[in-house]
1. Between A27 and E7, what is the label-point separation in nm under the 7 Å Cα-to-beta-carbon projection?
2. Considering only protein heavy atoms and a 1.4 Å probe, what is the carbon-and-sulfur percentage of the accessible area of the chain?
3. Quick check: Cα centre of region 47-69 to Cα centre of region 19-33, how many Å?
4. With all protein chains present, calculate the accessible area of T5 using a 1.4 Å probe and round the result to the nearest 10 Å².
5. Which lysines, on any chain, are close to K36 with Cα under 16 Å apart, when same-chain ones fewer than 8 places away are left out?
6. Determine the dipole magnitude for the chain: charges of +1 sit on the beta-carbon of Lys and Arg, -1 on that of Asp and Glu, nothing else is charged, the reference point is the Cα centre, and the result goes in debye to the nearest 20.
7. With a 10 Å cut-off between alpha carbons and a GNM built on the chain, which of N33, N47, N17 moves the most?
8. Once Cα extents along the principal axes in Å is worked out from the coordinates, which option in [x] 53, 26, 15; [y] 31, 28, 17; [z] 44, 24, 15 does it equal?
Amino acid sequence: MEIKTAEFITSMADYGNFRGKGLPQIAVAGKSNVGKSTMINSLCRQNKLARTSATPGKTRLLNVFLLNG
């Protein structure tokens, strides 16, 4: 799959309703400071789509992105 567009939709503490729910989903999980945000940015060819934190382990939310509309 070629990613042509990518946009941040929302962050949420618990999995709930969001724009695009019901579409195919991919989860990216891993320990802090392993490059999850960097990988998402690289795959989507955008520098600031998934934000990287200076403090490892800071993100406690589910971040939702919509790829190719």
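1. In this crude label model, E7 to A27 measures out at 2.6 nm.
2. Ligands and nucleic acids excluded, carbon and sulfur reach 51 percent.
3. 10 Å
4. About 80 Å², rounded to the nearest 10.
5. Cross-link targets: K48, K58.
6. 180 debye
7. Of N33, N47, N17, the Gaussian network model singles out N17 as fluctuating most.
8. Read-out taken from this structure: [y].
The values are calculated or read from the model by the stated rules, or taken from the named source; none is laboratory data. These figures come from a predicted structure and were not determined experimentally. Note that each Cβ is placed from the backbone with ideal geometry, even for glycine, and that neighbours are counted across all protein chains shown. These area figures cover heavy atoms from the full protein model, side chains too; ligands, DNA and RNA do not enter into them. Shrake-Rupley method; radii C 1.70, N 1.55, O 1.52, S 1.80 Å.
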